[in-house]
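*Asks:* Take a look at the following structure, please.
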């Protein structure tokens, strides 16, 4: 059985970790004197984290829908 709430929670955690990694990357490159690279890396990490977040949510919805379809088909028989 698919737990959509748990999947959403894990997706939020992964997005938060991506944002944290982006902040660390920006801070590190800013400290090293190359803020443009840090901002570019941060944007890449946040963008890919958001992409993964949306994909995980879509996967959870798709799995829940497939599971309910299977349950409904068994109820009809």
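*Asks:* Pairs only if they're at least six apart or on different chains, beta carbon under 9 angstrom, first in the stretch 47-61 and on the phi < 0 side of the Ramachandran plot and loosely packed, with under 14 Cβ neighbours inside 10 Å, second at pLDDT below 90 and in a helix (DSSP H, G or I); list them, first residue then second.
*Replies:* 59/7
*Asks:* Answer yes or no as to whether residue 5 is modelled with pLDDT under 95 and surrounded by 13 or more Cβ atoms within 10 Å (Cβ to Cβ).
*Replies:* Details: modelled with pLDDT under 95: yes; surrounded by 13 or more Cβ atoms within 10 Å (Cβ to Cβ): no.
When the stated conditions are applied, residue 5 does not pass them.
*Asks:* Here are some conditions: (1) modelled with pLDDT under 90; (2) under 13 Å from the mean Cα position of the chain (by Cα). Residue 71 meets all but one. Which one does it not meet?
*Replies:* All conditions pass for residue 71, except number (2).
*Asks:* With respect to residue 12, is the statement that it is touching a residue at least 12 places away in the same chain (Cβ under 8 Å) and in a helix (DSSP H, G or I) true? Even if it seems obvious, please write down each step before you answer.
*Replies:* On the way: touching a residue at least 12 places away in the same chain (Cβ under 8 Å): yes; in a helix (DSSP H, G or I): yes.
Yes.
*Asks:* Could you tell me whether any residue of the stretch 26-35 is touching a helix residue (DSSP H, G or I) at 6+ places or on another chain (Cβ under 8 Å), closer than 30 Å to residue 61 by Cα, surrounded by 14 or more Cβ atoms within 10 Å (Cβ to Cβ) and at pLDDT 95 or above?
*Replies:* No.
The values are calculated or read from the model by the stated rules, or taken from the named source; none is laboratory data. Owing to the predicted nature of the structure, the values given are computational and were not obtained by experimental measurement. Glycine also receives a Cβ, built like all others from the backbone with ideal geometry; neighbour counts cover every protein chain displayed.
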